[in-house]
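The values are calculated or read from the model by the stated rules, or taken from the named source; none is laboratory data. These numbers were taken from a predicted model, which means no experiment stands behind them. All Cβ positions, even for glycine, are placed from backbone atoms using ideal geometry, and neighbour counts span all protein chains on display.
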Amino acid sequence: MGAAQPGGPSLPQERRLVTAIPGPKSVALAERRGKAVARGVGTTLPVFVARAGGGIVEDVDGNALIDFGSGIAVTGVGNSAESVVRRAREQLERFTHTCFMVTPYDSYVAVCEELNRLTPGAHEKRSALFNSGAEAVENAVKIARASTRRSAVVVFDHGYHGRTNLTMALTAKNMPYKESFGPFAPEVYRVPFAYPFRWPGGAANCAREAAAEATDVIVTQIGAHNVAALVIEPILGEGGFIEPAKGFLPRIAEFCREQGIVFVADEIQTGFCRTGQWFACEDEGIVPDLVTTAKGIAGGLPLAAVTGRAEIMDAAHVGGLGGTYGGNPVACAAALGAIETMRALDLNAAARRIGMVMKARLSALAREYPAIGEVRGRGAMIAIELVRPGSKDAAPEIAAAVAKACHAEGLLVLTAGTYGNVLRFLPPLVIPEHLLVEGLDVLERAVRRVA
Ligand code: PLZ
């Protein structure tokens, strides 16, 4: 291999396999890793990355993989996007950190202004910045509790909100997220989510029945007046890209409004153009009280936020919110660059286009292969749920085998779902169309081989 070439937008946009996956250099690095890194930190695909950009992740052996993962819905604007790098570099050279709580800087304020503008609703808003999605969710709960002086938190079946102690409690799935890590935070209650594909009463009744069951549990088992916050992903992410049946979210939001419960939309995976809108809540005109964001916000730098109604956000006392690194100036500069890119390239339109291309191909494939129980999702957040043909029994082994076959052919895909039987596709929103199509070709061949 020659001298290091730049990644980012200038990386050649072509799939290229020059060794087996993983190649010898990755295998050697994996061995070093095994002796240095705790085994609890898992790996989807053990190729070590040399550079990445556009729709390509290039490994240390010179293999170029098509990226259908975006680092789990983070690099929507692409890796090392031009405006992200330019603004972050300029900031790196001026100062790296002062701590916003000690001596503030304007980029933090500018990110909050953008969030207040971009999130749903024209009401007066405030934002606060943090480092990770989990930290944002924790802070949303703190703020809701301070504002309502209530303690209970309601979450949903199949929900995912993080790996810290409180957010483990909010997360539904035991393995691998919670097993052996308890005890968990108290006052967390779980209610049904409108999962049309698996709703016992059928998809047509799903929204109404699920909302009725959820609100009944809140009223009869918790007491609505004890509930500070209801935290919901407008499309479930880790839970398997489950779009709630239409009408479910508006019913839940209305119930929260009636009961004085803070409605928190966790848009950490769905936000920032991923679903073809700035935020997935917009699809049904939902105006959340608080919105948590992270992932796509800063083009790959760690940044997260809580944004919401000024009177709720400002219920937390002065000094009650913060953290050493929250709203780091380099991450804020990157976020301003990422948002600039989303506007300049109209990445909402790009996400909708990706969704159209993917759904058309995958729906055709599903008609041929009954192992694909459902094709679903919105924009550039698309998934297939794998089942034993002729049933709705989860087939995690088929999902794993298809993922493995994709990886071997140079297509990076991720799995998801409570039953591990969902293949999810999250390409960067800047992926060139020829790579999107080629990725789908690889996927189709993998399904044909396995299913
Ligand atoms: N809320 C909706 O999707 C993170 C998890 C990856 P952090 N999802 C990826 C893993 O296995 O750890 C996520 C999310 C939603 C919260 C989070 C948590 O965000 O930045 O990972 O803390």
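Give me the residue from the range 340-382 that is within 23 Å of Gly296 (Cβ to Cβ) and among the basic types (Lys, Arg) and, out of that set, surrounded by the fewest Cβ atoms within 10 Å (Cβ to Cβ).
Among residues in the range 340-382 that are within 23 Å of Gly296 (Cβ to Cβ) and among the basic types (Lys, Arg), the one surrounded by the fewest Cβ atoms within 10 Å (Cβ to Cβ) is Arg343.
From the list Ala144, Ala152, Ala169, exactly one residue is free of Cβ contacts under 8 Å to residues at least 60 places away in the same chain and more than 12 Å from the ligand (Cβ to nearest atom). Which is it?
Exactly one residue qualifies, and that residue is Ala169.
Results for (1) within 13 Å of the ligand (Cβ to nearest atom); (2) more than 23 Å from Ala335 (Cα to Cα); (3) assigned by TED's automatic domain parsing to the domain that holds Pro427, shown as yes or no for each residue.
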{"site": "Gly201", "(1), (2), (3)": "no, yes, no"}
{"site": "Ala204", "(1), (2), (3)": "no, yes, no"}
{"site": "Asp216", "(1), (2), (3)": "no, yes, no"}
{"site": "Ala229", "(1), (2), (3)": "no, yes, no"}
{"site": "Pro234", "(1), (2), (3)": "yes, no, no"}
{"site": "Gly240", "(1), (2), (3)": "yes, yes, no"}
{"site": "Pro244", "(1), (2), (3)": "no, yes, no"}
{"site": "Val262", "(1), (2), (3)": "no, yes, no"}
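Quick one: in the range 112-141, which of the residues that are assigned to a loop (DSSP other than H, G, I, E, B) and away from the ligand (no atom under 16 Å from the Cβ) is surrounded by the most Cβ atoms within 10 Å (Cβ to Cβ)? Don't jump to the end; show me each part of the working.
Step one: list which residues in the range 112-141 are assigned to a loop (DSSP other than H, G, I, E, B), which gives 119-124, 131-132.
Now restrict to residues that are away from the ligand (no atom under 16 Å from the Cβ): 120-124.
Working: Pro120: 19, Gly121: 16, Ala122: 7, His123: 12, Glu124: 11.
Ranking the qualifying residues of the range 112-141, first place goes to Pro120.
Taking the range 288-321 as the region of interest, how many residues are assigned to a loop (DSSP other than H, G, I, E, B) and surrounded by 18 or more Cβ atoms within 10 Å (Cβ to Cβ)? I'd like the intermediate steps shown before the answer.
Initially, the range 288-321 is screened for residues assigned to a loop (DSSP other than H, G, I, E, B), giving 288-289, 294, 299-303, 314-321.
Restricting the remaining residues to those that are surrounded by 18 or more Cβ atoms within 10 Å (Cβ to Cβ) gives 288-289, 294, 299-303, 315-316, 321.
Summing the residues that are assigned to a loop (DSSP other than H, G, I, E, B) and surrounded by 18 or more Cβ atoms within 10 Å (Cβ to Cβ) in the range 288-321 gives 11.
Just checking, how many residues over the range 396-429 are crowded, with 17+ Cβ neighbours inside 10 Å and more than 17 Å from the chain's Cα centre (by Cα)?
Going through the range 396-429 one residue at a time, the tally reaches 13.
What pairs can you find where one residue is in the range 201-228 and without any contact (Cβ under 8 Å) to a residue 40 or more places away in the chain, the other is surrounded by 13 or more Cβ atoms within 10 Å (Cβ to Cβ) and assigned to a helix (DSSP H, G or I), and their Cβ atoms are less than 7 Å apart, with a gap of 6+ or different chains?
Listed by first residue and then by second, the contacts come to Gly201/Glu209; Ala210/Phe248; Ala224/Ile218; Ala224/Gln259.
Name the residues in the range 182-194 that are in a loop (DSSP other than H, G, I, E, B), surrounded by 13 or more Cβ atoms within 10 Å (Cβ to Cβ) and not charged (D, E, K, R), would you?
Result: Phe184, Ala185, Pro192, Phe193, Ala194.
When the residues of the range 64-80 are filtered to those that are of a type in the set (A, V, I, L, M) and over 20 Å from Glu340 (Cβ atoms), which remaining residue is nearest to the ligand (Cβ to nearest atom)?
Keep residues of the range 64-80 that are of a type in the set (A, V, I, L, M), which gives 64-66, 72-74, 77.
Right, trim to over 20 Å from Glu340 (Cβ atoms) and you get 64-66, 72.
Working: Ala64: 24, Leu65: 19, Ile66: 21, Ile72: 5 Å.
The extreme case among them is Ile72.
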